[in-house]
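Have a look at the structure below, then the notes.
Taken together, the values in this text are just the output of simple stated rules run on the coordinates, not laboratory data. The structure presented is a predicted model; accordingly, all values stated were derived computationally and were not measured. Quick reminder, even Gly has a Cβ in these numbers, built from the backbone with ideal geometry, and neighbours come from all protein chains shown.
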Amino acid sequence: MNLKLSAFGLFLINIALLGCVELSPSSKNMAVSNINKHAIITTAKMGEKCSIFNDDEFTEYPNCAFIQSDGSYIISSDLIEKLKFDSNGLAPLFFSGFAYARLDGYAIKVATMDNFADYFSDGLVRANILGRQGYADAELNMVIPAIYDGTYPFHNGRARVCIGCSLQHDGEHSFYAGGKDICLDIKGNDRPLHECR
């Protein structure tokens, strides 16, 4: 039997697995065996409040984003129905930072660029996972691990990142200062720093 779970259905199963409600052993085993590859058991008891931008205004929804142990999120199915997805099957939203969500409810936080969710550059977007930064592809798979303190968008196959740096603000603009600068290619390999200038 092939079972497809909504994000809300997954959330209910997660609550059951955490012991908040009781499932029969056969239901619990069937549910666990059918969770998709990106779903990890929810550790949050209450979801974060989300905002979406539709029709030139932000609308807020309570308890809609549930953090997973790997730093990704599951978005409630009620909210998924309200999101506007692009041709890649992604929709931007906001919950304590901008994020992209997929149609199946899987979401990751991304960097902010020009007061909105970061854009994809060279096929990658800057991702914020558990306080660190890396890069994800258009399916929200992490292709460069979130091990950096600061990241810049890719340009011509190269991106500058830093370790030990901190975000500085100059008016409405932000930049990273201090720490060690590193130049990466789109596969996450170190490159000579002059290639990122």
For each of ILE74, ILE147, count neighbouring Cβ atoms within 10 Å of the residue's Cβ, then give the residues from fewest to most. ILE147, ILE74
Whole-Hz ³J(HN,Hα) from phi, Karplus 6.51 cos²θ - 1.76 cosθ + 1.60, for segment 130-142, glycine and proline x: 6, x, 10, 10, x, 9, 10, 8, 5, 9, 6, 7, 6
Simple label model, 7 Å out from Cα along Cβ direction - PHE58 to LEU193, nm: 3.7 nm
The answer for VAL110, listing residues at least 5 apart or on another chain whose modeled amide H is closer than 5 Å to its amide H, is PHE98, ALA99, TYR100, ASN128
Going through segment 117-197, which GluC sites (Glu not before Pro) have at most 13 other Cβ atoms within 10 Å and a DSSP loop state? GLU139, GLU172
Distance in nm between pseudo-label sites at GLU139 and ASP170 (7 Å out along the Cβ direction from Cα): 4.0 nm
Can you work out the PRE-style zone for ASP185? Point 7 Å along Cα to Cβ, and I want the residues of segment 117-148 with backbone N under 17 Å. 122-124, 143-145
If I stretch the segment between SER87 and ALA177 completely, what's the gain in nm (0.36 nm per residue apart, minus their alpha carbon distance), one decimal? 28.8 nm
Rounded to whole Hz, the Karplus (6.51, -1.76, 1.60) HN-Hα couplings of segment 114-125, x for glycine and proline: 6, 6, 8, 4, 3, 8, 7, 9, 6, x, 10, 10
When only DSSP loop residues count, what trypsin sites (Lys or Arg not before Pro) in segment 54-124 have their Cβ near at most 16 other Cβ atoms within 10 Å? LYS82, LYS84
Can you compute 3J(HN,Hα) from phi for each residue in segment 144-156, using the Karplus curve 6.51 cos²θ - 1.76 cosθ + 1.60 with θ = phi - 60°, rounded to whole Hz and x for Gly and Pro? 10, x, 7, 10, 10, 8, x, 9, 10, x, 6, 8, 6
